[in-house]
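The block underneath contains the structure these notes are about, expressed in structure tokens.
The values are calculated or read from the model by the stated rules, or taken from the named source; none is laboratory data. Predicted model only: the values in this text are computed from it and were never measured. Cβ sites come from the backbone with ideal geometry, for glycine too, and all protein chains shown count toward neighbours.
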Amino acid sequence: MKSKIFTAVLLFFYVSIINAQFDKLRPNEGYFGGGFGMTWIDDKPHYSFHLFPEVAFANIGIGLDLNLEFDASGKLRSENFNEFSDYLSIIRYVRYGLKNDPFYARLGALDYATLGHGSIMYMYNNRPSFDARKIGLELDIDFTTFGFETVYGSFGESGVAGLRGYIRPLLLTTLADVPVIGNLELGASFVSDFNEYAGVTSGEIDPQTNKFNATNDEGSVSVIGFDIGLPIIRSGIFGFDLYFDYAQIIDYGSGTALGGIFNFSGMGLVEARAKLERRFNGDDYIPSYFNSFYEIERFQFNKSTNVVTSKIQALQNIGKVGDGYYGELLIRILGTFDILGSYQRLDDHPESGIFHATTEIAPEGFPYVARAGYDKVNIRDEKDLFTLDDRSYLFAELGYKPWPYILVSMVYNWTFTPIRDADDKIVEYEPQKKIEPRISFVYPLSF
């Protein structure tokens, strides 16, 4: 049944967390959104109430996200507010500027954080579960001749931290005005995970305390990298960049990537971005180690089998993976239709497929709205791509506006819920299905 639901949604359109991928709020705009409905969480009914206003003042944007779910007896679902960070995360994000602006800062949900070309960190998501919402930070500053990008996954606990610094050395010389080579960019990156479970490969639950104890811990996982970027074409309509990346997982293997990025902007009618990359991977190496599923893959402990599965285990066991390809395509039409898709596969590793897609169809003045998003990792074949399991994340909404500011929709989420030990620490994530008929009130604001 769940496979049929997913297939129907995917045939209609490919989708994810749209607010993060396609930020459409212009300066001095906003909207006040809220809704209520009945939600089925793992086949159990809950009443839901949701507020999600967003505003943008000049370069400043603020988004709130209050989600309350009550069971049939009227009791608030415990996972909504069982940590202090749950109260803070009502503020979904506060940002200044947008990614790739000279100054960009975002505090809160990091939906798809990327450093550089993504060879080390690509589309990292610090909130893979509605029930484990974290407060992170992105801070990028471009001083023209040099700059940096940073990502910090969670202020509530030790976790992922990354920094990429870069310099455009020829801008400091008389070669600054030379076509093509004048904007040559050199970068260096360092990303590490300081979470207590980042290097755990085995452990057990203490029967006396019901707490998890690691029996083998490799410590923090760190990756360093260097990159070169060369803008070949930069015009008002076309852009084309070449780049080369090198990454080394400390104490493990290394890999390189050679790629190109093409941009097209057709006077506001059509925008397109394409990226194609050839990856040359050494042994004991995983490209884009910190990806959209990293918070799920980092560490899992199955209480029924006492088995640990972790990302560091996968790295230790991967051996020779061979080279591979990565491709990405973004298309935006008339500002009303967005679709982004990407796919990775390695030549000699049959379970290496990583798929990401998002889309939104919301034409102004049109009563129908469709938005969705899908992520899946460790894909074996095309049939595996169309199966929802513990390697999948899906969001989809199909709605109709009977009046301009009222949206009646059906929302489907295939997400994760955390499993905690006696110390209230997350030791596992389990897939969770949420189906919600929703009535939303969305009123645009202008200042």
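Among the residues of region 131-138, is there at least one that is crowded, with 23+ Cβ neighbours inside 10 Å, in contact (Cβ under 8 Å) with a residue 12 or more places away in the chain and within 12 Å of the chain's Cα centre (by Cα)?
Checked region 131-138: no residue is crowded, with 23+ Cβ neighbours inside 10 Å, in contact (Cβ under 8 Å) with a residue 12 or more places away in the chain and within 12 Å of the chain's Cα centre (by Cα).
Please go through region 220-243 and give me each residue that is of a type in the set (Gly, Ala, Ser) and surrounded by 14 or more Cβ atoms within 10 Å (Cβ to Cβ), ordered by number.
Step one: filter region 220-243 for residues of a type in the set (Gly, Ala, Ser), giving 220, 222, 225, 229, 235-236, 239.
Those that are of a type in the set (Gly, Ala, Ser) and surrounded by 14 or more Cβ atoms within 10 Å (Cβ to Cβ): 220, 222, 225, 229, 239.
I'd like the full set of residues that are among the β-branched types (Val, Ile, Thr), over 24 Å from residue 351 (Cβ atoms) and touching a residue at least 40 places away in the same chain (Cβ under 8 Å), limited to region 361-410.
Applying the first criterion (among the β-branched types (Val, Ile, Thr)) to region 361-410 yields 361, 369, 377, 379, 387, 406, 408.
Imposing the further condition that a residue be over 24 Å from residue 351 (Cβ atoms) reduces the set to 361, 369, 406, 408.
Passing the criteria: 361, 369.
Name, by its number, the condition in (1) on the phi > 0 side of the Ramachandran plot; (2) in contact with a Pro (Cβ under 7 Å, 6 or more places away or on another chain) that does not hold for residue 336.
Tallying (1) on the phi > 0 side of the Ramachandran plot; (2) in contact with a Pro (Cβ under 7 Å, 6 or more places away or on another chain), residue 336 fails exactly one: (1).
Does residue 321 satisfy the condition of being surrounded by fewer than 18 Cβ atoms within 10 Å (Cβ to Cβ), of a type outside the set (Ser, Thr, Tyr) and in contact with a Phe, Trp or Tyr (Cβ under 9 Å, 6 or more places away or on another chain)? I'd like the intermediate steps shown before the answer.
Details: surrounded by fewer than 18 Cβ atoms within 10 Å (Cβ to Cβ): no; of a type outside the set (Ser, Thr, Tyr): yes; in contact with a Phe, Trp or Tyr (Cβ under 9 Å, 6 or more places away or on another chain): yes.
Spelling it out, it is not the case that residue 321 is surrounded by fewer than 18 Cβ atoms within 10 Å (Cβ to Cβ), of a type outside the set (Ser, Thr, Tyr) and in contact with a Phe, Trp or Tyr (Cβ under 9 Å, 6 or more places away or on another chain).
Tell me the residue from 84, 103 that is surrounded by fewer than 16 Cβ atoms within 10 Å (Cβ to Cβ) and modelled with pLDDT of 90 or more, please. Show your work before the answer.
Details: 84 fails: modelled with pLDDT of 90 or more.
Result: 103 is the single residue among 84, 103 that is surrounded by fewer than 16 Cβ atoms within 10 Å (Cβ to Cβ) and modelled with pLDDT of 90 or more.
With out of contact with any Gly (no Cβ under 6 Å at 6 or more places or on another chain) and either buried (at least 19 other Cβ atoms within 10 Å of the Cβ) or modelled with pLDDT of 80 or more (or both) as the only criterion, which of 36, 6, 32, 12 stands out?
Numbers: 36 fails: either buried (at least 19 other Cβ atoms within 10 Å of the Cβ) or modelled with pLDDT of 80 or more (or both); 32 fails: either buried (at least 19 other Cβ atoms within 10 Å of the Cβ) or modelled with pLDDT of 80 or more (or both); 12 fails: either buried (at least 19 other Cβ atoms within 10 Å of the Cβ) or modelled with pLDDT of 80 or more (or both).
Answer to the selection: 6.
Among the residues that make up region 397-419, is at least one of them in contact with an Asp or Glu (Cβ under 9 Å, 6 or more places away or on another chain), small (Gly, Ala, Ser), within 18 Å of residue 52 (Cβ to Cβ) and surrounded by 17 or more Cβ atoms within 10 Å (Cβ to Cβ)?
yes
For residues in region 178-191 being in contact (Cβ under 8 Å) with a residue 40 or more places away in the chain and in a loop (DSSP other than H, G, I, E, B), which is nearest to residue 244 (Cα to Cα)? Quick ask: steps written out before the conclusion?
Taking region 178-191 and keeping what is in contact (Cβ under 8 Å) with a residue 40 or more places away in the chain, we get 180-181, 183-187, 189, 191.
Checking which are in a loop (DSSP other than H, G, I, E, B) leaves us with 180, 184.
Details: 180: 16, 184: 12 Å.
Looking at residues that are in contact (Cβ under 8 Å) with a residue 40 or more places away in the chain and in a loop (DSSP other than H, G, I, E, B), I get 184.
If I ask for residues that are among the small types (Gly, Ala, Ser) and either in contact with a strand residue (DSSP E or B) (Cβ under 8 Å, 6 or more places away or on another chain) or free of Cβ contacts under 8 Å to residues at least 24 places away in the same chain (or both), which ones from region 95-130 would you list? Before the answer, list the steps.
Going through region 95-130, the residues among the small types (Gly, Ala, Ser) turn out to be 97, 105, 108-109, 113, 116, 118-119, 129.
The answer is 97, 105, 108, 109, 113, 116, 119, 129.
Go through region 45-71 and give me each residue that's more than 19 Å from residue 33 (Cβ to Cβ) and either at pLDDT 80 or above or not hydrophobic (A, V, I, L, M, F, W, C) (or both). Lay out the reasoning, then the answer.
At the first step, the residues of region 45-71 found to be more than 19 Å from residue 33 (Cβ to Cβ) are 45-46, 58-59, 70-71.
Answer for region 45-71, where residues must be more than 19 Å from residue 33 (Cβ to Cβ) and either at pLDDT 80 or above or not hydrophobic (A, V, I, L, M, F, W, C) (or both): 45, 46, 59, 70, 71.
Going by the conditions given, is residue 320 within 18 Å of the chain's Cα centre (by Cα) and under 26 Å from residue 216 (Cα atoms)?
On the way: within 18 Å of the chain's Cα centre (by Cα): no; under 26 Å from residue 216 (Cα atoms): yes.
So residue 320 does not fit the description; no.
Need the failing condition index for residue 289 against (1) in contact with a Lys or Arg (Cβ under 6 Å, 6 or more places away or on another chain); (2) surrounded by 22 or more Cβ atoms within 10 Å (Cβ to Cβ), just the number.
Failing condition for residue 289: (1).
In region 284-326, how many are touching a residue at least 60 places away in the same chain (Cβ under 8 Å) and within 23 Å of residue 430 (Cβ to Cβ)? Explain how you work it out, then say what you get.
Filtering region 284-326 down to residues touching a residue at least 60 places away in the same chain (Cβ under 8 Å) leaves 287-303, 306, 308, 310-313, 315-316, 326.
Subsequent filtering for residues that are within 23 Å of residue 430 (Cβ to Cβ) retains 290-303, 306, 308, 310-313.
The qualifying residues number 20.
With the condition being within 21 Å of residue 123 (Cα to Cα), I'd like the strands (runs of 3 or more DSSP E) fully within region 337-447 carrying at least 3 qualifying residues.
Working: elements: 337-346, 353-361, 368-379, 392-403, 406-420, 426-446.
Per the criteria, 337-346, 353-361, 368-379, 392-403, 406-420.
State whether the residues of region 423-436 include one that is of a type outside the set (Val, Ile, Thr), buried (at least 18 other Cβ atoms within 10 Å of the Cβ) and farther than 26 Å from residue 361 by Cα.
Checked against the condition, which is being of a type outside the set (Val, Ile, Thr), buried (at least 18 other Cβ atoms within 10 Å of the Cβ) and farther than 26 Å from residue 361 by Cα, region 423-436 yields at least one hit.
What about residue 273, is it on the phi < 0 side of the Ramachandran plot, of a type outside the set (Asp, Glu) and exposed (fewer than 15 other Cβ atoms within 10 Å of the Cβ)? Please lay out each step first, then the result.
Numbers: on the phi < 0 side of the Ramachandran plot: yes; of a type outside the set (Asp, Glu): yes; exposed (fewer than 15 other Cβ atoms within 10 Å of the Cβ): no.
It is false that residue 273 is on the phi < 0 side of the Ramachandran plot, of a type outside the set (Asp, Glu) and exposed (fewer than 15 other Cβ atoms within 10 Å of the Cβ).
Out of everything in region 361-411 that is at pLDDT below 85 and of a type in the set (Asp, Glu), what residue ends up being nearest to residue 332 (Cα to Cα)?
Per the criteria, the residue is 364.
Which one of these does residue 148 not meet: (1) touching a residue at least 24 places away in the same chain (Cβ under 8 Å); (2) surrounded by fewer than 21 Cβ atoms within 10 Å (Cβ to Cβ); (3) under 21 Å from residue 231 (Cβ atoms); (4) out of contact with any helix residue (DSSP H, G or I) (no Cβ under 7 Å at 6 or more places or on another chain)?
With respect to (1) touching a residue at least 24 places away in the same chain (Cβ under 8 Å); (2) surrounded by fewer than 21 Cβ atoms within 10 Å (Cβ to Cβ); (3) under 21 Å from residue 231 (Cβ atoms); (4) out of contact with any helix residue (DSSP H, G or I) (no Cβ under 7 Å at 6 or more places or on another chain), residue 148 is out only on (1).
I'm checking my understanding of the structure. Among residues of region 334-360 that are closer than 21 Å to residue 268 by Cα and either crowded, with 20+ Cβ neighbours inside 10 Å or among the hydrophobic types (A, V, I, L, M, F, W, C) (or both), which one is farthest from the chain's Cα centre (by Cα)?
Ranking the candidates gives 334 first.
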